Amino acid sequence: MERTPGQSEPVPDDILEQYQDLVTGCVDVLPSGGLLQRLVQARREGRPIRAKLGVDPTAPDIHFGHTVVLRKLAQYQAHGHIAVLIIGDYTAKVGDPSGRAKTRPQLSDEEIAANATTYMEQAGTVLDMDKVELVRNSDWLGPLRMDEVLRLTAVTTVARMLERDDFSKRYSAQEPISMVEFMYPLLQGYDSVAVRADIELGGTDQTFNLLMGRTVMEAYGLPAQCIMTVPLLAGLDGVQKMSKSYGNYVGVDDQPADMFGKIMSIPDELMVTYWTLLTGAGHREIEDVQARLTSGEYHPAVAKRDLAERLTTLYHGAEQAAAARAAFDRLFKEKERPSDVPEMPLPGDAVVDGRVWLPRLLAALGLVASNGEGRRLIQQGGVRLDDAVIKDPGADLAPEELYGAVLQAGKRQFVKIVR
RNA sequence: GGGGGGGUGCCCGAGUGGCCAAAGGGAGCAGACUGUAAAUCUGUCGGCGCAGCCUACGGAGGUUCAAAUCCUCCCCCCCCCA
């Protein structure tokens with residue numbers, strides 16, 4: 001038993017345990033002690049906590065980086081609280097200035113609607129959508145009257161707005177800051193009023209907006225929400241943030257083998273981070289994994305396989321994940337061919353004068369980008385035909401020799417040539 | 001309105017007349033090793049059946065035996081002052 005500051009009642013152990021799970025992996029929980037107090041208070045009042053997450057449907061697909069905050073929200077669900085998911089179909093049109101060096105381009109209604117649909121589908125891979133309280137902020141932001149808008153703008157000052165990083169940089173760099181961008185944090189804050197949030201989740205880049213929610217709620221006579229921020233997820237390269245444009249991402253709809261393989265390619269140092277942010281595991285499990293890795297009892301190679309299987313299971317089920325693991329081991333550990341080698345017919349343009357020149361064949365099959373690259377690959381010993389390394393870039397074969405043969409380019413590209 | 005700095009290969013970035021298909025780094029790819037598609041080391045990294053040729057340094061012309069490098073015009077970015 002522990003006591004919260006300023007509170008005479010002891011905190012029940014199960015709430016403390018729950019609290020530990022919820023704050024695991026978070027960067028900030030503000031104000032400090034606020035969440036624990038909320039949990040205790042909610043228990044006393046016999047009600048669940050309302051955890052808010054607002055998402056602007058500005059991008060079509062979601063990847064693991066987006067799931068970090070969704071997992072956190074799902075954790076609230078798992079502990080019996082209410083996940084309030086706000087689709088920011090109205091705020092998407094305003095454009096969040098967070099982390100932006102310039103004003104966001106405005107999206108059309110159609111784009112927003114389409115994005116929202118795929119977003120909700122994909123969010124369903126993480127959240128229990130049947131239990132989510134799903135709302136759209138156009139419902140209350142659309143009908144706002146001007147006097148209400150003015151009341152909202154009066155809750156803060158220009159000086160406070162300019163304090164935030166993105167704005168102050170742009171302001172001092174003499175770059176434009178549109179008035180509508182000042183509105184964004186206020187509208188997001190108004191969302192919190194509309195849904196009566198106890199706590200709002202977001203990425204660290206959202207800190208300013210989340211705090212503004214507190215200001216707005218207080219101005220509307222509500223208790224200010226707590227805020228909880230989760231870190232940006234590092235991509236597969238371990239250096240840059242996970243992002244589609246860096247090509248270092250895992251999509252939630254990636255195929256099992258692909259998903260498993262991508263996870264296997266993360267640097268070792270990232271394992272615990274991924275475990276913490278992506279699996280939804282509780283704090284005890286994370287601490288246990290960490291401890292066993294540190295002591296050397298848990299072999300990193302095994303740990304990474306377990307992690308990859310665990311994550312693949314979340315999106316594809318245990319059976320597919322186990323199959324992906326088995327296939328991976330067959331391919332890399334035992335250096336055997338995968339069981340499902342794709343079959344391709346011999347491309348017609350690979351045959352010249354009745355002969356097939358190997359570099360051209362590789363290019364024609366799409367295994368390399370050009371004849372020259374095929375030539376290099378061969379010289380480097382990266383090409384096998386029926387398990388025999390071919391090192392002569394001049395290799396020239398008759399089509400009959402190729403039918404039924406398995407061509408391997410590099411470690412993981414296999415093609416069976418068929419007639 | 002005035003002054004200044006830039007645009008180089010997938011990305012960053014050096015190069016100011018020949019030795020430049022262009023240093024260096026990153027990414028990618030391959031090989032070795034291993035515990036995996038980690039880490040590390042080595043190689044490779046425009047195209048072409050390749051000891052040669054072609055295409056390339058924002059775009060178009062020009063000077064020259066020779067231009068990423070010099071000249072002219074154009075396009076685009078950025079900074080400072082007003």
Inset, instruction - Could you tell me whether the stretch A:305-322 includes any residue that is β-branched (Val, Ile, Thr), without any contact (Cβ under 8 Å) to a residue 24 or more places away in the chain and within 11 Å of RNA strand B (Cβ to nearest atom)? - result: no
Inset, instruction - Quick one: count up the residues across the stretch A:255-270 that are closer than 20 Å to A:GLN240 by Cα, free of Cβ contacts under 8 Å to residues at least 40 places away in the same chain and over 15 Å from the mean Cα position of the chain (by Cα). - result: 4
Inset, instruction - Mind telling me which of the residues A:ASP392, A:ASP396, A:ASP329, A:ASP386 ends up being assigned by TED's automatic domain parsing to the domain that holds A:LEU278 and not small (Gly, Ala, Ser)? - result: A:ASP329
Inset, instruction - Answer yes if at least one residue in the stretch A:314-322 is modelled with pLDDT of 90 or more, of a type outside the set (Phe, Trp, Tyr) and open to solvent by less than 30 Å² (accessible area, probe 1.4 Å), and no otherwise. - result: yes
Inset, instruction - Exactly one condition in (1) within 16 Å of A:LEU232 (Cα to Cα); (2) within 12 Å of RNA strand B (Cβ to nearest atom); (3) not acidic (Asp, Glu) is not met by A:GLY251; state its number. - result: (2)
Inset, instruction - Name every residue in the stretch A:237-250 that is outside any helix (DSSP H, G or I) and more than 20 Å from A:HIS316 (Cα to Cα), in order of residue number. - result: A:ASP237, A:GLY238, A:VAL239, A:GLN240, A:LYS241, A:MET242, A:SER243, A:GLY247, A:ASN248
Legend entry - Any chance A:GLU121 is open to solvent by 20 Å² or more (accessible area, probe 1.4 Å), farther than 30 Å from A:ILE266 by Cα and either within 16 Å of RNA strand B (Cβ to nearest atom) or in the same structural domain as A:LYS72 (by TED's automatic domain parsing) (or both): no
Legend entry - Pairs where the first residue, in the stretch A:339-354, is more than 13 Å from RNA strand B (Cβ to nearest atom) and the second is among the hydrophobic types (A, V, I, L, M, F, W, C) and outside any strand (DSSP E or B), C-beta under 7 Å, 6+ apart: A:MET344/A:LEU365; A:LEU346/A:LEU402; A:PRO347/A:ALA364; A:PRO347/A:LEU365
Inset, instruction - Determine whether A:PRO393 is touching a strand residue (DSSP E or B) at 6+ places or on another chain (Cβ under 8 Å), over 19 Å from A:ARG337 (Cα atoms) and either more than 9 Å from RNA strand B (Cβ to nearest atom) or touching a residue at least 12 places away in the same chain (Cβ under 8 Å) (or both). - result: no
Inset, instruction - Out of the residues in the stretch A:295-313 that are of a type in the set (Ser, Thr, Tyr) and surrounded by 15 or more Cβ atoms within 10 Å (Cβ to Cβ), state the one that is farthest from A:LYS416 (Cα to Cα). - result: A:TYR298
Inset, instruction - Identify the residue in the stretch A:328-338 that is near RNA strand B (Cβ under 9 Å from one of its atoms) and surrounded by 15 or more Cβ atoms within 10 Å (Cβ to Cβ) and, among all such residues, is modelled with the highest pLDDT. - result: A:PHE328
Legend entry - Failed item, numbered, when A:LEU187 is tested on (1) modelled with pLDDT under 85; (2) away from RNA strand B (no atom under 16 Å from the Cβ); (3) in contact with a Phe, Trp or Tyr (Cβ under 9 Å, 6 or more places away or on another chain): (1)
Inset, instruction - Go through the stretch A:29-52 residue by residue and tally those that are under 22 Å from A:TYR190 (Cα atoms) and open to solvent by 60 Å² or more (accessible area, probe 1.4 Å). - result: 0
Legend entry - Total residues in the stretch A:364-379, condition modelled with pLDDT of 90 or more, near RNA strand B (Cβ under 6 Å from one of its atoms) and not charged (D, E, K, R): 4
Legend entry - Subset tally (residues that are more than 18 Å from the chain's Cα centre (by Cα), at pLDDT below 90 and open to solvent by 10 Å² or more (accessible area, probe 1.4 Å)) for the stretch A:53-94: 4
Inset, instruction - Filter the stretch A:350-363 down to residues that are open to solvent by less than 20 Å² (accessible area, probe 1.4 Å) and at pLDDT 90 or above and give me whichever is farthest from A:PRO338 (Cα to Cα). - result: A:VAL356
Inset, instruction - Just name the residue that is surrounded by the most Cβ atoms within 10 Å (Cβ to Cβ) out of those in the stretch A:380-390 that are within 10 Å of RNA strand B (Cβ to nearest atom) and closer than 13 Å to A:LEU407 by Cβ. - result: A:VAL383
Inset, instruction - Output the number of residues of the stretch A:223-235 satisfying the condition of being open to solvent by less than 30 Å² (accessible area, probe 1.4 Å) and either in a helix (DSSP H, G or I) or of a type in the set (A, V, I, L, M, F, W, C) (or both). - result: 7
Inset, instruction - Kindly provide the set of residues from the stretch A:275-300 that are more than 16 Å from RNA strand B (Cβ to nearest atom), farther than 19 Å from A:VAL250 by Cβ and among the hydrophobic types (A, V, I, L, M, F, W, C), ordered by number. - result: A:ILE286, A:ALA291
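The values are calculated or read from the model by the stated rules, or taken from the named source; none is laboratory data. Remember, it's a predicted structure, so these values are computed and weren't measured experimentally. Cβ atoms come from the backbone with ideal geometry, glycine included; neighbour counts cover every protein chain shown. The accessibility values were calculated without ligands, DNA or RNA, using every heavy atom of the protein model including side chains. Shrake-Rupley method; radii C 1.70, N 1.55, O 1.52, S 1.80 Å.
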